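A.B. asks: Okay, handing you the structure first.
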Amino acid sequence: MKRTAVCILFLSLYVVSGLADSYPRQPDVDVTHYEISISLNDGSNSISGTTRIDVRIRGESSSGMWLDLAGMQVDHLRIDGDEIPFTHSNGRLSFRFGREYGRGETVGIEVRYHGTANNTGIRIGENRYGRRVFFTDNWPDFASHWFPSIDHPSDKATVDFIITAPRQYTVVANGRRILTEFLPNGFKKTRWVENTAIPTYSMAFGAAEFSVTSGIEALGIPISWYVFPRDAAAAEQKFRRTDRMLRYFCERIGPYPFEKLAHVESNTQMAAMENANTIFYSETLFYPLPVSEDPVPHEIAHQWFGNSVTPADWDHLWLNEGFATYFDALFYAQTDAPVSLEKLMAKYADRIFAYPAARSRPVIDPRLTDLMKKLNPLNYEKGAWFLHMLRGLVGDEAFFEGIRHYYGLNTGKNVWTKDFRESMESAAGLDLSAFFRQWLHQPAWPEYRLEWDWNDKDRAVEIRILQMQQTGLFDMPLDLVLSFGSREETRRIRIKDGDSRFRIPAPSPPSSVEIDPDGWVLKTVSTAN
Ligand SMILES: [Zn+2]
């Protein structure tokens with residue numbers, strides 16, 4: 001996703017706390033499928049729905065559970081056809097199954113409900129042209145404001161949408177459309193089927209008067225866009241290189257995980273939201289002309305990182321946002337020379353340096369429980385920098401082999417940061433635990449102070465590198481480059497202490513001494529010479 005504004009956090013010292021986010025998990029049950037039927041109308045912002053949920057028992061046995069559901073009134077709850085008593089309070093719908101179910105059995109739950117859309121989870125209103133539109137907006141845990149669910153990314157499921165709406169609206173949703181049926185009363189029923197398990201935050205449908213562009217494909221993947229008719233020209237500018245982006249990411253990461261890719265203009269609260277194969281973009285991104293491509297590559301990269309390989313825990317959000325941010329830069333640097341990766345990374349570094357909490361908070365930050373505030377330069381830009389530094393450390397070949405291994409092994413699954421570390425370690429043949437720890441669990445970055453002098457008596461350059469940051473030392477390899485007129489000498493040094501000294505013999509005094517001039521390490525350097 002692309003956030004609209006940077007949130008500022010309170011400064012405080014980082015203390016390692018819990019290992020998982022605070023969502024109360026139900027280890028005995030696993031939702032495998034949602035079938036969500038929703039009726040929309042033009043007269044009001046009320047919706048009525050029936051959601052059928054397949055829950056597989058994965059514990060020894062289970063006789064009850066709860067679902068997240070907020071702001072909706074439940075009309076009935078049935079299990080395998082029988083009406084079942086329930087309690088519904090504080091966003092939690094709790095019930096017993098009526099009997100005990102054993103491991104591997106599936107409980108078929110049906111919840112009928114109604115309520116009024118209040119812009120949380122489902123947004124009904126007018127677009128900027130004054131036309132009525134309906135869009136879901138689930139991130140991070142607002143799916144449960146319009147359908148009962150285990151509304152946490154650790155429980156992914158397949159999903160069917162059966163949307164009944166006035167017939168002038170085109171409905172788009174995750175997956176493939178398998179039915180459009182005109183009903184006698186001026187309504188239309190549209191059914192979309194998503195056969196790949198996705199997180200609830202990424203489940204989405206939209207209904208509006210769309211102009212639809214289709215008939216494009218890349219590597220056999222159908223590409224389309226659904227936009228407000230007056231924004232068709234802007235959409236052409238914004239989305240015309242989708243095929244190139246898909247090809248680039250498939251080559252770098254692995255096969256595209258879904259059956260289609262659609263871009264959708266919407267009234268999402270975010271600048272954009274990567275909803276699985278059905279990416280929503282804010283209508284504010286479609287003017288004035290010419291419009292930029294941002295954040296299209298970022299959202300497409302999320303189809304691999306987020307929608308297919310999904311963090312099991314919100315504290316590991318960098319596995320989504322850091323990857324999407326880095327692969328966005330990789331696409332532009334690869335495709336749009338003279339745009340260079342070094343310059344894009346320098347821009348990311350500036351955003352990290354400008355973010356006050358980056359000095360005191362780590363990327364993986366269990367103490368930060370407000371999910372909206374996790375949309376910050378630590379999960380985005382510092383996550384991207386983490387990947388860039390890792391690539392600098394292990395080299396291109398091992399880095400991209402590790403990326404493909406991580407994706408290939410975890411396609412469709414939930415992951416933790418350690419899953420990524422294990423893939424990179426096996427590709428690089430290195431123990432990367434210290435590197436992961438210092439950059440993901442420790443705040444800030446190295447603030448190097450570089451001092452050097454020419455020792456004429458010994459014919460050597462005396463070099464001293466200090467780490468000035470107050471937040472803990474970093475252990476990093478760095479390129480040290482000595483320039484002698486047009487000749488350069490590069491040495492790889494390792495800086496792990498607060499005060500490191502080197503003596504390098506040389507025939508004459510160097511004209512300059514630099515560390516990491518190609519920008520492989522997130523750092524600041526001050527010099528005294
Ligand atoms: Zn994102």
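The values are calculated or read from the model by the stated rules, or taken from the named source; none is laboratory data. Note that this is a predicted model, so its numbers are computed, not measured. All Cβ positions, even for glycine, are placed from backbone atoms using ideal geometry, and neighbour counts span all protein chains on display.
A.B. asks: Sort out which residues of the range 333-356 are within 28 Å of Thr471 (Cβ to Cβ) and either within 15 Å of the ligand (Cβ to nearest atom) or part of a loop (DSSP other than H, G, I, E, B) (or both), and write them in order of number.
C.D. replies: Within the range 333-356, Tyr348, Arg351, Ala354, Tyr355 qualify.
A.B. asks: Check every one of the strands (runs of 3 or more DSSP E) wholly within the range 128-230 and list those with 2 or more residues that are within 28 Å of Lys374 (Cα to Cα).
C.D. replies: Qualifying strands (runs of 3 or more DSSP E): 132-137, 157-166, 187-198, 205-208.
A.B. asks: OK, next. Do you know which residues across the range 36-48 are surrounded by fewer than 21 Cβ atoms within 10 Å (Cβ to Cβ) and not acidic (Asp, Glu)?
C.D. replies: Residues satisfying the conditions are Ser37, Ser39, Asn41, Gly43, Ser44, Asn45, Ser46, Ile47, Ser48.
A.B. asks: Another question about this same structure. Hey, among the residues in the range 474-494 that are within 30 Å of Phe436 (Cβ to Cβ) and of a type in the set (D, E, K, R), which one's surrounded by the most Cβ atoms within 10 Å (Cβ to Cβ)?
C.D. replies: Taking the candidates together, the pick is Asp479.
A.B. asks: Output yes when any residue across the range 8-29 is more than 28 Å from Val193 (Cα to Cα), surrounded by 17 or more Cβ atoms within 10 Å (Cβ to Cβ), more than 16 Å from the ligand (Cβ to nearest atom) and at pLDDT below 50, and no when none is.
C.D. replies: Within the range 8-29, one or more residues are more than 28 Å from Val193 (Cα to Cα), surrounded by 17 or more Cβ atoms within 10 Å (Cβ to Cβ), more than 16 Å from the ligand (Cβ to nearest atom) and at pLDDT below 50.
A.B. asks: Being touching a Ser or Thr at 6+ places or on another chain (Cβ under 6 Å) and either assigned to a helix (DSSP H, G or I) or within 12 Å of the ligand (Cβ to nearest atom) (or both) is the filter here, so list the residues in the range 305-332 that pass it.
C.D. replies: Asn307, His316
A.B. asks: Have a look at Tyr380, Tyr326 and point out the one that is within 21 Å of the chain's Cα centre (by Cα), under 26 Å from Arg492 (Cα atoms), surrounded by 23 or more Cβ atoms within 10 Å (Cβ to Cβ) and modelled with pLDDT of 95 or more.
C.D. replies: Selected residue: Tyr326, the only one of Tyr380, Tyr326 that is within 21 Å of the chain's Cα centre (by Cα), under 26 Å from Arg492 (Cα atoms), surrounded by 23 or more Cβ atoms within 10 Å (Cβ to Cβ) and modelled with pLDDT of 95 or more.
A.B. asks: Still on this structure, I have one more. Return the residue satisfying two criteria in turn: it lies in the range 495-522 and is among the charged types (D, E, K, R) and under 41 Å from the mean Cα position of the chain (by Cα), and of such residues it is surrounded by the fewest Cβ atoms within 10 Å (Cβ to Cβ).
C.D. replies: Asp499
A.B. asks: Continuing with this model, one more query. Report the residue count in the range 275-296 for those that are in contact with an Asp or Glu (Cβ under 7 Å, 6 or more places away or on another chain) and surrounded by fewer than 23 Cβ atoms within 10 Å (Cβ to Cβ).
C.D. replies: Selection size over the range 275-296: 2.
A.B. asks: Residue check, Phe280 against (1) within 13 Å of the ligand (Cβ to nearest atom); (2) not in a strand (DSSP E or B), all met but one. Which one?
C.D. replies: Every condition holds for Phe280 apart from (2).
A.B. asks: Just the residues that are closer than 29 Å to Phe386 by Cβ, aliphatic (A, V, I, L, M) and in a strand (DSSP E or B), please, taken from the range 436-481.
C.D. replies: Matches in the range 436-481: Leu450, Ile463, Ile465, Leu466, Met476, Leu478, Leu480, Val481.
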